[in-house]
Amino acid sequence: MSKLRWRTLASIVVIVPVGFGAKYYRGPGADWVANNFAGSFYCAFWCLVVLFLVPRWSPRWIALGVLIATCILEFSQMSKAPILEAIRGNFIGRSVIGSTFDWFDFPYYFLGSGAGWLWTARLKGAFRPTVFLPQRRRVAEKT
């Protein structure tokens, strides 16, 4: 397995408990964290999964694809089709496709996909956060 896949797998191992922790958070602002903000971890998680499965894909396209798929899944929550209700009948199904439509989830899908894009780009070495670091000046060599 490549170094990129190992780093991506390590990232997935980190984000899964953080995401579930957010989903079951019971402190201040618990309703907001569990029902809205946790969606950002969901999108970032799927960006990492796609990078793990198809590492040659661009982080930008991974994030865009995850955002579109997540938005489609959110709209599908308005449907009560028997097949979707059967999937939602257990914990994993509800975790993957959701159960309740909420317009307020969309900003967090954008946030999570943006974070997923930055995270996957960083893993691939395509994003170097040098904006906040002082630039070293090159001194011309004397010959």
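In a residue-by-residue description of region 52-60, the property of being among the polar types (S, T, N, Q) and more than 13 Å from Tyr108 (Cβ to Cβ) applies to at least one position.
None of Trp46, Trp57, Trp61 is closer than 21 Å to Phe20 by Cβ, at pLDDT 90 or above and out of contact with any strand residue (DSSP E or B) (no Cβ under 8 Å at 6 or more places or on another chain) except Trp46.
Among residues of region 14-42 that are among the polar types (S, T, N, Q) and in a helix (DSSP H, G or I), those with a Cβ under 6 angstrom from a residue that is surrounded by 13 or more Cβ atoms within 10 Å (Cβ to Cβ) and modelled with pLDDT of 90 or more, sequence gap 6+ or separate chain, pair up as Asn36/Tyr108; Ser40/Tyr108; Ser40/Leu111; Ser40/Gly112.
Please indicate, with yes or no, whether at least one residue in region 75-91 is aliphatic (A, V, I, L, M), free of Cβ contacts under 8 Å to residues at least 24 places away in the same chain and touching a helix residue (DSSP H, G or I) at 6+ places or on another chain (Cβ under 7 Å). There is at least one residue in region 75-91 that is aliphatic (A, V, I, L, M), free of Cβ contacts under 8 Å to residues at least 24 places away in the same chain and touching a helix residue (DSSP H, G or I) at 6+ places or on another chain (Cβ under 7 Å). Residue under question is Ala81, and the condition is that it be in contact with a Gly (Cβ under 6 Å, 6 or more places away or on another chain) and either buried (at least 18 other Cβ atoms within 10 Å of the Cβ) or farther than 22 Å from Gly125 by Cβ (or both); does it hold? For Ala81, the condition - in contact with a Gly (Cβ under 6 Å, 6 or more places away or on another chain) and either buried (at least 18 other Cβ atoms within 10 Å of the Cβ) or farther than 22 Å from Gly125 by Cβ (or both) - is not met. Every listed requirement among (1) surrounded by fewer than 17 Cβ atoms within 10 Å (Cβ to Cβ); (2) assigned to a helix (DSSP H, G or I) is met by Phe45 save one, (1). Checking the structure you have, find out if any residue of region 13-27 is surrounded by 15 or more Cβ atoms within 10 Å (Cβ to Cβ), under 18 Å from the mean Cα position of the chain (by Cα) and at pLDDT 95 or above. Yes, the conditions are met somewhere in region 13-27. Scan region 98-143 for residues that are modelled with pLDDT of 85 or more and not polar (S, T, N, Q) and the total you get is 23. Within region 50-77, the set of residues being surrounded by 19 or more Cβ atoms within 10 Å (Cβ to Cβ) and either out of contact with any Cys (no Cβ under 8 Å at 6 or more places or on another chain) or not polar (S, T, N, Q) (or both) comprises Val50, Leu51, Phe52, Pro59, Ile62, Ala63, Val66, Leu67, Glu74.
The values are calculated or read from the model by the stated rules, or taken from the named source; none is laboratory data. This structure is a prediction, so every number in the text was calculated from the model and none was measured. Methodologically, a virtual Cβ is constructed for each residue, glycine included, from the backbone with ideal geometry; neighbour enumeration extends over all protein chains shown.
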